[in-house]
Amino acid sequence: MKLFATATALVWALFQVWIWWDRELDLLFVRSAHLGLAMATGATLMAARSARRAEQVILLLVAALSLIAPLYHYLGHDRWLSRISGLDPVYAMDFAVAAVLLLTLGAVAWRLVGKGMVFVVAAFILYQLFGGALPGDFGHRQDSVALFVDQQIMTMEGLYGIPLGISVSVVFYFILFAAVFELFGGGKMIVDLALAMTGRYRGGPAKAAVVGSALTGLVSGSAVANVMSSGIFSIPLMKRAGYKPTFAGAVEAVVSTAGQIMPPVMGAAAFIVADMLRIPYTQIITAAALPALLYFASVFITVDFTARRDRLPLLSLNEMTPAMQVLRTYGHMLLPLGWLAWRIVSGYSVSSACIEGIIGTVAIGSLRRTTRQNVKDIVLSLATGAQRAVTVAIPCALAGVIVGVVAFTGIGTKFTGIIVDLSEGSMVFAVLLTIAAAIVLGFGMPTTSAYVMSAILLAPAMVSIGFDPLATHMLLLYFAVLAMVTPPIALAAYAAAGIADAPANKTGWVAFGLSVPVMLIPVMFLYRTELLMIGSAPQIIGATLITIVALVASSAASTGWLFASLSLPLRALLAVSAILMVLPRDSFPYWTIGSAILAAVGIFYWIRRPRDPVEMGFEVQD
């Protein structure tokens, strides 16, 4: 059964290479086949993991049914080219194929994505089918079953819309490259380099997780994949250094999640941001760079304060590999990584850049014995990449359904009106409402789905009130990313908890606590667009410094440490100072008061700090 699952995944990977080579294929068929193979791969993967024969048979049946829709689209190629949506009839076979497609998609998503996402999509489908009976503004005229099938299944404006298109043409190739790069030692190189840079300081393993995940995020836009690739090294080290299992798992989950906003290889949602705003992806990379670094800086500061507060022991030198030794062993693997980044930043096709990166990784990695791999393992790495891509393709398809329903029924415009009315002209209140709604919409959602829902329901209201469109969408992207560590369903935290052997729910809440200071960053760049590289160099530097000071204050408040342990009233005072630095600067420079509060507390406790350098965590452990 495992061999069958691997073979299915390999077929999907080879299909993606085919569509990269042959650009003349019909897009509807390409997206349909991408989704069909994703569902088949997911179903066979679940069958391979199951020990019950009956369940295996059912899952193999689901895998076979998953291929009906792409076969139908392939055989009806001429019809799709000439068909006019809304005018041409919908036949009985169209209804049958749509029913099979939605049922199999729901079955696979139920197990791989989560019940919450399935329920949300089902609610949107029911709204389109029966929303015409609702009274008032929430009623619509798109409640025909034939119209639903026409729009959602027979065009590229619903299920086969933009989110799935991003999965087909962009994200899959990134995941494939990351799998091959990891096979040739790229992942271990990154983790070892991070540990060499930070391991000799207090809280070194946790800091190595931050740095390592930042570097891993350069080539991987998947939170769970980052956890599984770097967490297997960093989490055990953190536990040996004295961190509690829940905290070790939470740190890895939070920093791995940031891979989705770390240029140049960001998550699928980032490409959807570019498409919605009709701007080049390179502009998204530029805007995301500084906030991403601030994200990692925030977690780094929190980890450092926690390590000093708890006086954690230092690692011994034999637990770390010197940086020069790491570079001598794996340094040549930086070449394909640099080539990939350069091609993407230069505006080259993402799929072509990744294919070139894969070829370069195999060629360069095979030059040295330390990284050389056999053909079988290289082929299996392609299958591994395809299996990882399932968790992106399925949510993208579900998000497409939501986008279609919102576009066809006009419910997004109604949500905009609600937010504008509730805020009553107050920009601050509108931001708070938007953040609260984004967090709720993100419960149990993969990043792509959470962002798409927020973007189509909340972004128009923010833009209409007067916020910058790019800053608005980046804020929503941030909170969609943080949904991976937001209970009740924190997927990245649950993956890390499995490695840490810690309670999943508790790890999720600890991860959420660690991410609270990070939440200041999107609010900061909403009011200070200089953080998105909009403005002059002095303005950008000034906004960055203010943000860093705010992150220090919020981290001190959350950990209860700033040169020494803090009392609860002082922690509350520092939380207030962080909020003051976030507030708009138009009417009064509140950030000056916030900075003064932090400075006063910091100076007072710096004078009373421990004088022993070992106690401060600066010495190297022999």
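The values are calculated or read from the model by the stated rules, or taken from the named source; none is laboratory data. Values in this document were obtained by computation on a predicted structure and should not be read as measured data. For neighbour counting, all protein chains shown are included, and Cβ atoms are generated from backbone atoms with ideal geometry for every residue, glycine included.
Tell me yes or no: at least one residue of the range 269-285 is surrounded by 20 or more Cβ atoms within 10 Å (Cβ to Cβ), at pLDDT 80 or above, polar (S, T, N, Q) and within 27 Å of ALA459 (Cα to Cα).
Checked against the condition, which is being surrounded by 20 or more Cβ atoms within 10 Å (Cβ to Cβ), at pLDDT 80 or above, polar (S, T, N, Q) and within 27 Å of ALA459 (Cα to Cα), the range 269-285 yields no hits at all.
Counting only residues that are over 24 Å from ALA386 (Cβ atoms), among the polar types (S, T, N, Q) and crowded, with 23+ Cβ neighbours inside 10 Å, how many does the range 152-179 have?
Going through the range 152-179 one residue at a time, the tally reaches 1.
Looking at the range 461-490 only, could you name the residues that are surrounded by fewer than 24 Cβ atoms within 10 Å (Cβ to Cβ), more than 25 Å from GLY560 (Cα to Cα) and at pLDDT below 85?
If the condition is that a residue be surrounded by fewer than 24 Cβ atoms within 10 Å (Cβ to Cβ), more than 25 Å from GLY560 (Cα to Cα) and at pLDDT below 85, then SER464, ILE465, GLY466, PRO488, ILE489 are the ones that fit.
Considering only the range 34-52, state which residues are over 24 Å from the mean Cα position of the chain (by Cα) and buried (at least 20 other Cβ atoms within 10 Å of the Cβ).
THR44, ALA47 - these are the residues of the range 34-52 that are over 24 Å from the mean Cα position of the chain (by Cα) and buried (at least 20 other Cβ atoms within 10 Å of the Cβ).
Looking at (1) touching a residue at least 24 places away in the same chain (Cβ under 8 Å); (2) part of a helix (DSSP H, G or I); (3) within 30 Å of VAL145 (Cβ to Cβ), which is the only condition ASP78 fails?
(1)
Quick one: which helices (runs of 4 or more DSSP H) sit completely within the range 374-459 and have at least 2 residues that are free of Cβ contacts under 8 Å to residues at least 24 places away in the same chain and more than 26 Å from TRP509 (Cα to Cα)?
Because the criterion is at least 2 residues that are free of Cβ contacts under 8 Å to residues at least 24 places away in the same chain and more than 26 Å from TRP509 (Cα to Cα), the helices (runs of 4 or more DSSP H) in the range 374-459 that meet it are 375-409, 411-423.
When TRP339 is evaluated against the numbered criteria (1) of a type in the set (A, V, I, L, M, F, W, C); (2) at pLDDT 80 or above; (3) surrounded by 20 or more Cβ atoms within 10 Å (Cβ to Cβ), which criterion, by number, is the only one it fails?
All conditions pass for TRP339, except number (3).
Would you pick out the residues in the range 340-381 that are closer than 13 Å to TYR281 by Cβ and either among the aromatic types (Phe, Trp, Tyr) or in contact with a strand residue (DSSP E or B) (Cβ under 6 Å, 6 or more places away or on another chain) (or both)?
The answer is TYR348, and nothing else.
So, of the residues in the range 100-127 that are small (Gly, Ala, Ser) and assigned to a helix (DSSP H, G or I), which turns out to be nearest to PHE138 (Cα to Cα)?
ALA123
Tell me, which residue of the range 347-378 that is among the aliphatic types (A, V, I, L, M) and modelled with pLDDT of 90 or more is surrounded by the most Cβ atoms within 10 Å (Cβ to Cβ)?
Out of the qualifying residues, it is ILE358.
Can you pull out every residue in the range 350-369 that is outside any helix (DSSP H, G or I) and either of a type outside the set (Gly, Ala, Ser) or on the phi > 0 side of the Ramachandran plot (or both)?
Within the range 350-369, LEU367, ARG368, ARG369 meet the criteria.
Can you find even one residue in the range 143-155 that is modelled with pLDDT under 90 and more than 24 Å from CYS396 (Cα to Cα)?
yes
So which of LEU294, LEU290 is assigned to a helix (DSSP H, G or I), within 29 Å of THR321 (Cα to Cα) and at pLDDT 85 or above?
Being assigned to a helix (DSSP H, G or I), within 29 Å of THR321 (Cα to Cα) and at pLDDT 85 or above holds for just one of LEU294, LEU290, which is LEU294.
Can you tell me how many residues in the range 409-419 are hydrophobic (A, V, I, L, M, F, W, C) and closer than 18 Å to SER449 by Cα?
2
I'd like the full set of residues that are of a type in the set (A, V, I, L, M) and more than 15 Å from MET519 (Cβ to Cβ), limited to the range 442-464.
Scanning the range 442-464 gives MET445, VAL452, MET453, ALA455, ILE456, LEU457, LEU458, ALA459, ALA461, MET462, VAL463.
May I ask you to verify whether VAL463 is under 19 Å from PHE525 (Cα atoms) and free of Cβ contacts under 8 Å to residues at least 24 places away in the same chain?
yes
Name the residues in the range 528-572 that are under 30 Å from PRO469 (Cα atoms) and modelled with pLDDT under 85, would you?
GLY535, the sole residue that qualifies.
Considering only the range 182-192, state which residues are in a helix (DSSP H, G or I) and at pLDDT 80 or above.
GLU182, LEU183, GLY186, MET189, listed by residue number.
What number of residues within the range 532-547 satisfy the criterion of being more than 20 Å from the chain's Cα centre (by Cα), assigned to a helix (DSSP H, G or I) and more than 14 Å from ILE579 (Cβ to Cβ)?
Matching residues across the range 532-547 total 9.
Please go through (1) surrounded by 15 or more Cβ atoms within 10 Å (Cβ to Cβ); (2) at pLDDT 80 or above; (3) in contact with a Phe, Trp or Tyr (Cβ under 9 Å, 6 or more places away or on another chain) for SER423 and return the number of the only condition it doesn't satisfy.
In the conditions (1) surrounded by 15 or more Cβ atoms within 10 Å (Cβ to Cβ); (2) at pLDDT 80 or above; (3) in contact with a Phe, Trp or Tyr (Cβ under 9 Å, 6 or more places away or on another chain), SER423 misses (2) alone.
Here is a check on your reading of the model: is GLY106 of a type outside the set (Ser, Thr, Tyr) and within 30 Å of THR384 (Cβ to Cβ)?
Criteria met by GLY106.
Inside the range 128-177, can you point out the residues that are in a helix (DSSP H, G or I), aliphatic (A, V, I, L, M) and more than 30 Å from the chain's Cα centre (by Cα)?
LEU129, ALA133, VAL145, ALA146, LEU147, VAL149
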